[in-house]
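K.L.:
Here you go, one structure.
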Amino acid sequence: MRAFVYDRASNEAAAIHAASMLTQWPEVQGRPPVEYLAGGTTLVDLMKLDVMRPAKVVDLGALAAVHDVISVAPDGVRLGAMVKMSAAADHPEIVKNYPVVAQSLQLAASAQLRNMATLGGNVLQRTRCPYFRDTSWTACNKRDPGSGCAAIGGLNRQHAILGGSLDCIATYPGDFAQSLIALGATVNVAFADHFQTLARGHFIVRRLERKHGAGLVAFEYQRLRGERRQSRRAAS
(Lines give C-alpha, C1' and ligand atoms only; values in the text may rest on other atoms or scores of the structure.)
Protein backbone atom coordinates (compact mmCIF):
# COMPACT_ATOMS: atom_id res chain seq x y z
CA MET A 1 0.00 0.00 0.00
CA ARG A 2 1.27 3.46 -0.87
CA ALA A 3 1.77 6.18 1.72
CA PHE A 4 -1.10 8.62 2.24
CA VAL A 5 -2.20 11.42 4.55
CA TYR A 6 -4.85 10.43 7.09
CA ASP A 7 -7.40 12.96 8.35
CA ARG A 8 -10.45 12.55 10.57
CA ALA A 9 -13.39 14.84 9.94
CA SER A 10 -15.51 15.98 12.88
CA ASN A 11 -18.49 17.11 10.78
CA GLU A 12 -19.68 17.50 7.19
CA ALA A 13 -18.07 20.91 6.71
CA ALA A 14 -14.76 19.60 8.00
CA ALA A 15 -14.97 16.60 5.65
CA ILE A 16 -15.46 18.80 2.59
CA HIS A 17 -12.74 21.20 3.74
CA ALA A 18 -10.26 18.38 4.38
CA ALA A 19 -10.85 16.96 0.92
CA SER A 20 -10.00 20.28 -0.71
CA MET A 21 -6.82 21.09 1.22
CA LEU A 22 -4.17 19.16 -0.72
CA THR A 23 -0.63 20.47 -0.26
CA GLN A 24 1.02 18.58 -3.12
CA TRP A 25 0.40 17.47 -6.68
CA PRO A 26 -0.54 13.80 -6.21
CA GLU A 27 -0.46 10.89 -8.62
CA VAL A 28 -4.00 9.77 -9.35
CA GLN A 29 -5.70 7.10 -11.41
CA GLY A 30 -9.12 8.06 -12.66
CA ARG A 31 -10.29 9.34 -9.28
CA PRO A 32 -10.04 12.48 -7.18
CA PRO A 33 -6.84 12.48 -5.05
CA VAL A 34 -8.91 12.38 -1.84
CA GLU A 35 -11.04 9.42 -0.76
CA TYR A 36 -13.52 9.17 2.10
CA LEU A 37 -13.28 6.26 4.55
CA ALA A 38 -16.38 4.84 6.25
CA GLY A 39 -16.39 1.07 6.73
CA GLY A 40 -13.35 0.68 4.49
CA THR A 41 -14.34 -2.74 3.16
CA THR A 42 -13.81 -1.68 -0.46
CA LEU A 43 -11.37 1.23 -0.22
CA VAL A 44 -8.75 -0.59 1.85
CA ASP A 45 -8.83 -3.65 -0.42
CA LEU A 46 -8.38 -1.55 -3.55
CA MET A 47 -5.56 0.44 -1.95
CA LYS A 48 -3.78 -2.83 -1.10
CA LEU A 49 -4.16 -3.91 -4.72
CA ASP A 50 -2.70 -0.54 -5.82
CA VAL A 51 -5.87 0.11 -7.82
CA MET A 52 -6.76 3.22 -5.82
CA ARG A 53 -3.93 5.56 -4.85
CA PRO A 54 -5.36 8.44 -2.83
CA ALA A 55 -2.94 11.03 -1.57
CA LYS A 56 -5.29 11.66 1.34
CA VAL A 57 -7.90 9.57 3.19
CA VAL A 58 -10.57 11.37 5.22
CA ASP A 59 -12.18 9.24 7.94
CA LEU A 60 -15.91 9.89 8.32
CA GLY A 61 -16.34 7.80 11.48
CA ALA A 62 -17.20 10.81 13.62
CA LEU A 63 -20.17 11.60 11.37
CA ALA A 64 -21.91 8.38 12.44
CA ALA A 65 -23.50 10.18 15.39
CA VAL A 66 -25.65 12.12 12.91
CA HIS A 67 -25.83 9.81 9.91
CA ASP A 68 -26.08 6.39 11.59
CA VAL A 69 -29.85 6.65 11.95
CA ILE A 70 -32.83 4.68 10.62
CA SER A 71 -36.05 6.72 10.79
CA VAL A 72 -39.32 4.97 9.99
CA ALA A 73 -42.46 7.00 9.23
CA PRO A 74 -45.88 6.16 7.74
CA ASP A 75 -44.84 7.60 4.38
CA GLY A 76 -41.41 5.95 4.14
CA VAL A 77 -38.07 5.26 5.76
CA ARG A 78 -34.89 7.33 5.99
CA LEU A 79 -31.58 5.47 5.98
CA GLY A 80 -28.44 7.29 7.08
CA ALA A 81 -25.36 6.81 4.91
CA MET A 82 -23.32 5.63 7.91
CA VAL A 83 -25.83 2.93 8.91
CA LYS A 84 -24.18 -0.50 8.87
CA MET A 85 -25.54 -2.95 6.32
CA SER A 86 -26.30 -5.45 9.08
CA ALA A 87 -28.30 -2.90 11.09
CA ALA A 88 -30.54 -2.09 8.12
CA ALA A 89 -30.90 -5.71 7.03
CA ASP A 90 -32.04 -6.78 10.51
CA HIS A 91 -34.26 -3.79 11.31
CA PRO A 92 -37.76 -5.20 11.98
CA GLU A 93 -39.61 -2.42 10.13
CA ILE A 94 -37.42 -2.79 7.05
CA VAL A 95 -37.77 -6.57 7.09
CA LYS A 96 -41.55 -6.22 7.36
CA ASN A 97 -42.29 -3.28 5.03
CA TYR A 98 -39.26 -3.19 2.70
CA PRO A 99 -38.19 -6.83 2.33
CA VAL A 100 -36.40 -6.16 -0.97
CA VAL A 101 -34.02 -3.83 0.87
CA ALA A 102 -33.41 -6.31 3.70
CA GLN A 103 -32.86 -9.21 1.30
CA SER A 104 -30.51 -7.25 -0.97
CA LEU A 105 -28.34 -6.42 2.03
CA GLN A 106 -28.45 -9.91 3.53
CA LEU A 107 -27.31 -11.47 0.25
CA ALA A 108 -24.70 -8.85 -0.55
CA ALA A 109 -21.82 -10.01 1.65
CA SER A 110 -20.74 -12.13 4.58
CA ALA A 111 -21.89 -11.30 8.11
CA GLN A 112 -18.44 -9.92 8.96
CA LEU A 113 -18.51 -7.48 6.06
CA ARG A 114 -22.11 -6.44 6.72
CA ASN A 115 -21.11 -5.54 10.27
CA MET A 116 -18.41 -3.18 8.94
CA ALA A 117 -19.73 -1.82 5.65
CA THR A 118 -21.99 1.23 5.51
CA LEU A 119 -24.98 1.83 3.26
CA GLY A 120 -23.35 4.85 1.68
CA GLY A 121 -20.19 2.92 0.92
CA ASN A 122 -22.18 0.05 -0.54
CA VAL A 123 -23.90 2.38 -2.99
CA LEU A 124 -20.55 3.87 -4.01
CA GLN A 125 -18.62 0.61 -4.39
CA ARG A 126 -16.39 0.20 -7.43
CA THR A 127 -16.88 -2.29 -10.25
CA ARG A 128 -15.87 -5.94 -9.87
CA CYS A 129 -14.37 -6.06 -13.38
CA PRO A 130 -11.18 -8.17 -13.07
CA TYR A 131 -9.32 -5.88 -15.47
CA PHE A 132 -10.05 -2.93 -13.19
CA ARG A 133 -8.83 -4.78 -10.10
CA ASP A 134 -5.67 -6.19 -11.68
CA THR A 135 -3.12 -3.45 -12.34
CA SER A 136 -1.06 -5.73 -14.60
CA TRP A 137 -3.69 -4.82 -17.22
CA THR A 138 -2.81 -1.28 -18.18
CA ALA A 139 -5.86 -0.69 -20.37
CA CYS A 140 -8.67 0.33 -18.03
CA ASN A 141 -10.50 3.61 -18.49
CA LYS A 142 -11.98 3.46 -14.99
CA ARG A 143 -8.49 3.19 -13.48
CA ASP A 144 -6.61 5.33 -15.99
CA PRO A 145 -8.87 7.42 -18.25
CA GLY A 146 -7.93 7.22 -21.91
CA SER A 147 -5.96 3.98 -21.61
CA GLY A 148 -8.64 1.78 -23.21
CA CYS A 149 -10.78 -1.14 -22.06
CA ALA A 150 -9.16 -4.57 -21.93
CA ALA A 151 -12.51 -6.24 -21.23
CA ILE A 152 -13.93 -5.38 -24.66
CA GLY A 153 -11.55 -7.72 -26.42
CA GLY A 154 -10.88 -10.00 -23.46
CA LEU A 155 -12.82 -12.19 -21.05
CA ASN A 156 -16.05 -10.27 -20.68
CA ARG A 157 -18.49 -12.75 -19.16
CA GLN A 158 -20.92 -10.90 -16.83
CA HIS A 159 -20.03 -7.57 -18.41
CA ALA A 160 -22.53 -5.19 -19.99
CA ILE A 161 -24.49 -6.27 -23.07
CA LEU A 162 -26.73 -3.20 -23.08
CA GLY A 163 -25.76 0.22 -21.80
CA GLY A 164 -22.02 -0.16 -22.34
CA SER A 165 -19.82 1.89 -24.64
CA LEU A 166 -16.56 1.71 -26.57
CA ASP A 167 -14.90 3.14 -23.46
CA CYS A 168 -16.10 0.64 -20.84
CA ILE A 169 -18.38 -2.37 -20.52
CA ALA A 170 -17.97 -2.92 -16.76
CA THR A 171 -21.17 -3.27 -14.75
CA TYR A 172 -22.23 -1.81 -11.42
CA PRO A 173 -21.97 -4.56 -8.75
CA GLY A 174 -24.35 -3.43 -6.01
CA ASP A 175 -27.72 -5.03 -5.17
CA PHE A 176 -28.79 -2.54 -2.49
CA ALA A 177 -28.83 0.38 -4.94
CA GLN A 178 -31.06 -1.60 -7.30
CA SER A 179 -33.60 -2.09 -4.54
CA LEU A 180 -33.57 1.65 -3.88
CA ILE A 181 -34.23 2.31 -7.57
CA ALA A 182 -37.09 -0.19 -7.58
CA LEU A 183 -38.69 1.58 -4.61
CA GLY A 184 -38.21 5.07 -6.08
CA ALA A 185 -35.82 6.17 -3.35
CA THR A 186 -34.23 9.62 -3.23
CA VAL A 187 -30.55 10.03 -2.34
CA ASN A 188 -29.39 13.15 -0.51
CA VAL A 189 -25.78 13.77 -1.51
CA ALA A 190 -23.85 16.31 0.54
CA PHE A 191 -20.59 16.24 -1.43
CA ALA A 192 -21.92 16.13 -5.03
CA ASP A 193 -20.80 19.59 -6.11
CA HIS A 194 -17.38 19.15 -4.52
CA PHE A 195 -16.64 15.83 -6.21
CA GLN A 196 -18.02 16.96 -9.57
CA THR A 197 -15.61 19.89 -9.48
CA LEU A 198 -12.72 17.59 -8.56
CA ALA A 199 -13.63 15.12 -11.29
CA ARG A 200 -13.83 17.79 -13.99
CA GLY A 201 -10.46 19.19 -12.96
CA HIS A 202 -8.90 15.74 -12.85
CA PHE A 203 -9.96 14.72 -16.34
CA ILE A 204 -8.74 18.04 -17.75
CA VAL A 205 -5.37 17.46 -16.11
CA ARG A 206 -5.16 13.91 -17.48
CA ARG A 207 -5.80 15.15 -21.01
CA LEU A 208 -3.11 17.83 -20.62
CA GLU A 209 -0.64 15.27 -19.25
CA ARG A 210 -1.17 12.99 -22.22
CA LYS A 211 -0.62 15.87 -24.62
CA HIS A 212 2.22 17.79 -22.93
CA GLY A 213 3.68 15.38 -20.35
CA ALA A 214 3.14 15.16 -16.60
CA GLY A 215 6.32 17.10 -15.76
CA LEU A 216 5.34 20.20 -17.73
CA VAL A 217 1.77 20.14 -16.40
CA ALA A 218 3.01 19.86 -12.80
CA PHE A 219 5.48 22.70 -13.36
CA GLU A 220 2.79 24.99 -14.79
CA TYR A 221 0.43 24.08 -11.96
CA GLN A 222 2.99 25.10 -9.34
CA ARG A 223 3.75 28.31 -11.26
CA LEU A 224 0.07 29.29 -11.45
CA ARG A 225 -0.40 28.36 -7.81
CA GLY A 226 2.48 30.67 -6.84
CA GLU A 227 1.06 33.53 -8.90
CA ARG A 228 -2.32 33.09 -7.24
CA ARG A 229 -0.75 33.23 -3.77
CA GLN A 230 1.12 36.42 -4.68
CA SER A 231 -2.04 38.08 -5.99
CA ARG A 232 -3.91 37.18 -2.77
CA ARG A 233 -1.14 38.67 -0.65
CA ALA A 234 -1.14 41.82 -2.74
CA ALA A 235 -4.91 42.12 -2.42
CA SER A 236 -4.76 41.75 1.36
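The values are calculated or read from the model by the stated rules, or taken from the named source; none is laboratory data. As the structure is a computational prediction, the values presented were derived from the model and not from experiment. Please note: Cβ atoms are built from the backbone with ideal geometry, for glycine as well, and neighbour counts cover all protein chains shown. Side chains are part of the model used for accessible areas, which takes the heavy atoms of the whole protein and leaves out ligands, DNA and RNA. Shrake-Rupley method; radii C 1.70, N 1.55, O 1.52, S 1.80 Å.
K.L.:
Just checking, how many residues over the range 38-83 are surrounded by 15 or more Cβ atoms within 10 Å (Cβ to Cβ), out of contact with any helix residue (DSSP H, G or I) (no Cβ under 7 Å at 6 or more places or on another chain), modelled with pLDDT of 90 or more and part of a strand (DSSP E or B)?
P.N.:
2
K.L.:
Right, something else. Scan the range 82-102 for residues that are without any contact (Cβ under 8 Å) to a residue 60 or more places away in the chain and either small (Gly, Ala, Ser) or over 23 Å from Gly61 (Cα atoms) (or both) and jot them down.
P.N.:
Residues of the range 82-102 without any contact (Cβ under 8 Å) to a residue 60 or more places away in the chain: 82-84, 86-97, 99, 102.
Listed by number, the residues that qualify are Ser86, Ala87, Ala88, Ala89, Pro92, Glu93, Ile94, Val95, Lys96, Asn97, Pro99, Ala102.
K.L.:
Would you be able to tell me the number of residues in the range 173-186 that are in contact with a helix residue (DSSP H, G or I) (Cβ under 9 Å, 6 or more places away or on another chain), surrounded by 12 or more Cβ atoms within 10 Å (Cβ to Cβ) and not charged (D, E, K, R)?
P.N.:
Residues meeting the conditions: 8.
K.L.:
Whether any residue in the range 24-37 is at pLDDT 90 or above, part of a loop (DSSP other than H, G, I, E, B) and either within 20 Å of Lys142 (Cβ to Cβ) or open to solvent by 50 Å² or more (accessible area, probe 1.4 Å) (or both) is what I want to check.
P.N.:
Within the range 24-37, not a single residue is at pLDDT 90 or above, part of a loop (DSSP other than H, G, I, E, B) and either within 20 Å of Lys142 (Cβ to Cβ) or open to solvent by 50 Å² or more (accessible area, probe 1.4 Å) (or both).
K.L.:
On to the next question. Give the number of residues within the range 132-157 that are aromatic (Phe, Trp, Tyr) and over 30 Å from Ser86 (Cα atoms).
P.N.:
Of the residues in the range 132-157, 1 are aromatic (Phe, Trp, Tyr) and over 30 Å from Ser86 (Cα atoms).
K.L.:
Now for a separate question. Considering Arg229, Arg200, Arg225, which residue is open to solvent by 100 Å² or more (accessible area, probe 1.4 Å), among the charged types (D, E, K, R) and modelled with pLDDT of 80 or more?
P.N.:
Numbers: Arg200 fails: modelled with pLDDT of 80 or more; Arg225 fails: open to solvent by 100 Å² or more (accessible area, probe 1.4 Å).
Answer to the selection: Arg229.
K.L.:
Another question, if that's okay. Can you say whether Asn122 is surrounded by 14 or more Cβ atoms within 10 Å (Cβ to Cβ) and over 16 Å from the mean Cα position of the chain (by Cα), as far as the supplied structure shows?
P.N.:
Numbers: surrounded by 14 or more Cβ atoms within 10 Å (Cβ to Cβ): yes; over 16 Å from the mean Cα position of the chain (by Cα): no.
So Asn122 does not fit the description; no.
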